[in-house]
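Structure first, then comments.
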Amino acid sequence: MIVQKDFLNKLKDFGLNSYESKLWVALLSRGVSTAGELSDISNVPRSRAYDVLESLEKKGFIIVKVGKPIKYLAVPPAEVVERVQKKVLVEAELQTKVLSELKDSDILSELNTLHVEGVKLVDPTDRSGAFRGRDKTHEHIVSMVKNAKSSITLLLSKQGAERKYNLLASHLRKAVKRGVNVKVAVPIGTHKDIVEGFSEVGKVQTHKNINARFCLVDNSEILLFLTDDNKVHKSYDCAVWVEAPHFVNYFAGLFENEWKK
């Protein structure tokens, strides 16, 4: 049986590995079959077929038919989707519960202690990193904003202003309650609702002819985007992060001069 590789790759969304995908597709095409027959038509080694079929049975993709020789019956794909969805939701709920309990656990306290002590040993020149992909850069920006102690400065693009507002609004409100000073610069022409939204959490100014994008926190660390988000796919949006107070403080001074103008 010849099945397109792209089609098999899509079955990873069901939580299946390569062998599981091949055997399940083979069984769907036959309705009911033995392990040997499925091995032959799917090109899965017979020595692995039984283990893989057992795994599929546990996951709810197939049913083991009573009798000899042992045969397997395919579960309708629509039913499989419901089972997989239910399983994912249950696992996510359990994992969320475990992580919630970890927040107040001794384990987290010990891990935090290890991290704090470890940071003391880090050479200042090592406090930097590079990020590729908008999701990763957003995760780091959220972390920076959540840990800000005195100031947060955002210089945003027109396209990025809405994304950053949706991403950071709640975190910025919490930062303001901690006494953090927030400044946001957005391009002229940014949607009025976004400008007003940022105005509720900090000071906002509009600018023109500035294509830079960055997040600057406490005048000590900066996340600087290297790409134009209007010309690059989000998967290739790149940024560098540097924690170097001397350099960042100088960078902040340049921004303040522009802000006053």
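Derivation of every value follows stated rules applied to the coordinates shown; laboratory data play no part. Since we're looking at a predicted model, the values are computed, not measured. Using ideal geometry, Cβ is built from the backbone for each residue, glycine included, and neighbour counts are taken over all protein chains shown.
General remarks:
- Radius of gyration and Dmax over the Cα atoms of the chain, both given in Å: 26.6, 85
- Residues TRP259, TRP241 arranged by fewest to most Cβ contacts within 10 Å: TRP259, TRP241
- Burial ranking of peptide ranges 203-216, 78-91, 134-147 (average Cβ count within 10 Å, highest at the top): 134-147, 203-216, 78-91
- Simple Cβ-charge dipole of segment 126-260, Lys/Arg +1 and Asp/Glu -1, about Cα centre, in debye nearest 20: 260
- Per residue Cα convex hull volume in Å³ - calculated over segment 49-194: 247
- Compactness of segment 139-256 as Cα Rg over 2.2 N^0.38 Å, two decimals: 0.98
- Gain on full extension, evaluated as 0.36 nm per residue between LYS149 and ASN209 minus their Cα-Cα distance, stands at 18.5 nm.
- Value of relative contact order over the chain, rounded to a whole percent, pairs C-alpha under 8 Å and six or more apart: 15
- Given +1 at the Cβ of Lys and Arg, -1 at the Cβ of Asp and Glu and no other charges, the dipole of segment 171-243 around its Cα centre is 240 debye to the nearest 20.
- Placing +1 on the Cβ of every Lys and Arg and -1 on the Cβ of every Asp and Glu, with no other charges, gives the chain a dipole of roughly 600 debye about its Cα centre.
- Take the convex hull of the alpha carbons in segment 5-77; its mean projected area over all directions comes to 4.4 nm².
- Couplings 3J(HN,Hα) for segment 249-258, derived from phi with the Karplus relation 6.51 cos²θ - 1.76 cosθ + 1.60 (θ = phi - 60°), are 4, 5, 4, 5, x, 4, 5, 4, 4, 5 Hz, where x marks Gly and Pro.
- If you take all other residues with their beta carbon under 14 Å from the beta carbon of LYS59, and give Lys and Arg +1 and Asp and Glu -1, the sum is -3.
- Taking the inverse of the mean 1/r over every pair of distinct Cα atoms in segment 42-107 gives a Kirkwood hydrodynamic radius of 14.6 Å.
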